[in-house]
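To keep things clear, I will list the structure first and then write my remarks on it.
The values are calculated or read from the model by the stated rules, or taken from the named source; none is laboratory data. From a predicted model like this one, the values you see are computed outputs, not experimental measurements. Glycine gets a Cβ as well: all are built from the backbone with ideal geometry, and neighbour counts include every protein chain shown.
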């Protein structure tokens, strides 16, 4: 978009780059429109950072690193708490920005901002609990001390589906560990990130400690391949995660969360009503645009017909609306046209291969504008259908029957991905069989909340490497140093 074109629109320029403690003005480069997915209206214009802005941000982070590392854990914790308090105070404004650019209903967006504030508070507590160890030596007169030190400058790249939380996990853990960061949010959701960095700035974070660069895939590539980046923390698609490995340049610490196709098993002893309720929530929340969304459901055959009937009835009750006009709506629009097209392709593929349409299957007739799609239940699905083996990342679930639990577990595990799995069962033997034999980073039994901030969250196989959440998320920003001292005592 040219400068003249930008002047013709009523959209406001986004403060996309926060570098070395201040907001960077437009440098005359490329810009991108930020569009409300419910209305199709342009709400802001975001400058795209080029290699020069990326380098400036990384240089600022490198310059700030020694002082931040040596500041002391208690002071870092105090600053994180202060930032968290400001996030909580500004929850409504940040939530409205999120809904306007991402699409989720306002109540849900505000709830995500609340979780961000709690994330900062959690990692403020963890900052003062970074403990080393002493190791006995066989030889008298020696002592070994193992210390944990921050790894250095981290590049944090976050997606658009949870634009506050997924930035917060990286910022909270990295800052608590003593690292400095350069954050690149998704080009679809820069305004949420701006709101977060305004809180960091007003909390008194020293210049250069946390930097924000707005941009697209080229910006992210310039960031991860920068020679002065020590760690990469990325949440996004498998394809981009693999490309980071190929092009990051040099040896760097990497943590990747790449999503997956998450299964739900409804065991013979399941509370069917609870399973239906869980499937309707985790299958469609945020329009299914969740890395740990339920994609494929396996139901014991005697329960199958009733489960499908009740799930279809529950999903039909979900209310779709513009999340700003109706803050309590169950679902908003999808975030972008690319995701909508993928959903349509997966549904079409399933129907062509013999799946039965329980509900949904198209765009709402009363919403010709915006990226809206009806929540969709497909039954009698088979493994070759895309909905049963590829990540749809939209409001669609596929359901299939099974005859014995071994079969269901084998079907659930038959995937190159391994992020999260779900199961409903009341029999103790079934519960332990499911929890032990499902090969996923997180397994939720009789609930659909696979993640909690104080427990590790990460995937297996093509779902990524490394962890976020919990102490383990903090450890990813630390390196070990063994100090062996000859003291002669």
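Structure data summary
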{"item": "Strands (runs of 3 or more DSSP E) completely within segment 387-489 that count 3 or more residues being touching a helix residue (DSSP H, G or I) at 6+ places or on another chain (Cβ under 7 Å)", "result": "396-402, 420-424"}
{"item": "Every residue from segment 334-346 that is more than 18 Å from the chain's Cα centre (by Cα) and surrounded by 20 or more Cβ atoms within 10 Å (Cβ to Cβ)", "result": "340, 343, 346"}
{"item": "Unmet criterion (only one of (1) closer than 21 Å to residue 175 by Cα; (2) without any contact (Cβ under 8 Å) to a residue 24 or more places away in the chain) for residue 85", "result": "(2)"}
{"item": "Filter result (more than 23 Å from residue 391 (Cβ to Cβ) and part of a loop (DSSP other than H, G, I, E, B)) within segment 311-347", "result": "317, 319, 321, 322, 323, 324, 325, 326, 327, 328, 329"}
{"item": "Selection count, segment 210-219, where residues are buried (at least 24 other Cβ atoms within 10 Å of the Cβ) and either part of a loop (DSSP other than H, G, I, E, B) or out of contact with any helix residue (DSSP H, G or I) (no Cβ under 8 Å at 6 or more places or on another chain) (or both)", "result": "3"}
{"item": "Filter result (assigned by TED's automatic domain parsing to the domain that holds residue 386 and out of contact with any strand residue (DSSP E or B) (no Cβ under 9 Å at 6 or more places or on another chain)) within segment 231-275", "result": "273"}
{"item": "Test: residue in segment 63-70 that is touching a helix residue (DSSP H, G or I) at 6+ places or on another chain (Cβ under 9 Å) and not in a helix (DSSP H, G or I)", "result": "no"}
{"item": "Residue match in segment 366-378 (condition: free of Cβ contacts under 8 Å to residues at least 24 places away in the same chain and farther than 26 Å from residue 91 by Cβ)", "result": "yes"}
{"item": "Test for residue 111: is it surrounded by fewer than 18 Cβ atoms within 10 Å (Cβ to Cβ), at pLDDT 95 or above and within 19 Å of the chain's Cα centre (by Cα)", "result": "yes"}
{"item": "Of the criteria (1) out of contact with any strand residue (DSSP E or B) (no Cβ under 9 Å at 6 or more places or on another chain); (2) closer than 24 Å to residue 236 by Cβ; (3) at pLDDT 95 or above, which one residue 421 fails", "result": "(1)"}
{"item": "Qualifying residue in segment 309-319 (condition: under 26 Å from residue 159 (Cβ atoms) and surrounded by fewer than 16 Cβ atoms within 10 Å (Cβ to Cβ))", "result": "yes"}
{"item": "Candidate set: segment 117-136, residues that are in a loop (DSSP other than H, G, I, E, B) and in contact with a strand residue (DSSP E or B) (Cβ under 6 Å, 6 or more places away or on another chain); chosen: the one surrounded by the most Cβ atoms within 10 Å (Cβ to Cβ)", "result": "130"}
{"item": "Unmet criterion (only one of (1) in a helix (DSSP H, G or I); (2) closer than 30 Å to residue 377 by Cα) for residue 264", "result": "(1)"}
{"item": "Selection from segment 349-360 of residues that are under 28 Å from residue 322 (Cβ atoms) and either touching a residue at least 60 places away in the same chain (Cβ under 8 Å) or in contact with a helix residue (DSSP H, G or I) (Cβ under 6 Å, 6 or more places away or on another chain) (or both)", "result": "358, 359"}
